[in-house]
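Here the structure comes first, spelled out in structure tokens, and everything after it is commentary.
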Amino acid sequence: MLQGLKLDVTGSVQPSGANNAKATLEMDHGVFVATNTIDVLRGPTMNSDLSTRFRDFQLGGELGYDVSKGTIDKYTVSLALDRPREKAVFQVLTGMRSFNFAYLQKFSDQLEVAYRTTWNAKLPNMSMEVGAKWFLLGGGFVKAKLDNVGRLGVALASDLRPGLQVTLGASIDTAKLNENAHKLGLELNYSA
């Protein structure tokens, strides 16, 4: 094949009927990356994206097309700032009916703080959330996030030994403290 060109063909058959058969063609030439994916069992649909980079800035777009209907399902344009200690992304989604903005700042090797906001024409309010993550010296992390409707998420992850990590998490709805609206979670990750 040509240098920078990659073809993947995948498929799955599931009892629920959510089957798929996809072919993805990717072209990577350093200055730009383009992919085109065709799912022959759903629609068929075609998704294409293209991104380019200039110094610390990235510009990208995505287009989804339903072949059987002859309609464009989605289109997205994104602009990003990508620096080693800070990242920012602004996205305009299908029909200019939704906008996303996210910002991440790494203050040190141990502390990151992030902010995200989303505006959607179908929803009455903008959603916003802020979070922080502290990396522990022995491996693992502590993180927390809070959104504008009062949902608080906290997690603690610890490396038990190399390749084995346990994570404890909780989601607390601070607007409904006396109700059964909270979630607890436990996750065990093993990697060889």
Projected label distance in nm at Ser127 and Ser108, using a 7 Å step from Cα toward the beta-carbon: 3.3 nm
If neighbour count is taken as other Cβ atoms inside 10 Å, put Leu5, Leu93 in order from fewest to most. Leu5, Leu93
Taking a cut-off of 12 Å between Cα atoms, list the aspartates and glutamates near Lys87, but don't count ones fewer than 8 places away on the same chain. Asp56, Glu112
Inter-centroid distance (Cα atoms) of the range 128-192 relative to the range 60-108, Å: 26 Å
Quick one: length gained pulling Asp82 to Ala175 fully straight, 0.36 nm per residue minus the C-alpha distance? 29.9 nm
Relative contact order (%) - the range 11-92, alpha-carbon pairs under 8 angstrom, separation at least six: 17 percent
Under 14 Å, Cα to Cα: Lys pairs in the range 96-192, sequence gap 8 or more or different chains: 4
By the mean-Cβ-within-10 Å protection proxy, highest first, 62-68, 156-162 rank as 62-68, 156-162
Sequence of Val113, Val13 once ranked by neighbouring C-beta atoms within 10 Å, starting from the fewest: Val13, Val113
Select from the range 36-103 those trypsin sites (Lys or Arg not before Pro) which occupy a DSSP coil region and have at most 12 other Cβ atoms within 10 Å, ordered by residue number. Arg55, Lys69, Arg85, Arg97
When we measure straight from the Cα of Lys22, which lysines land under 16 angstrom away, once same-chain ones fewer than 8 places off are left out? Lys6
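Coordinate-derived values only; no laboratory data. Predicted, not measured: the structure shown is a model, and the values here were computed from it. Note that we place each Cβ from the backbone using ideal geometry, even for glycine, and neighbour counts take in every protein chain shown.
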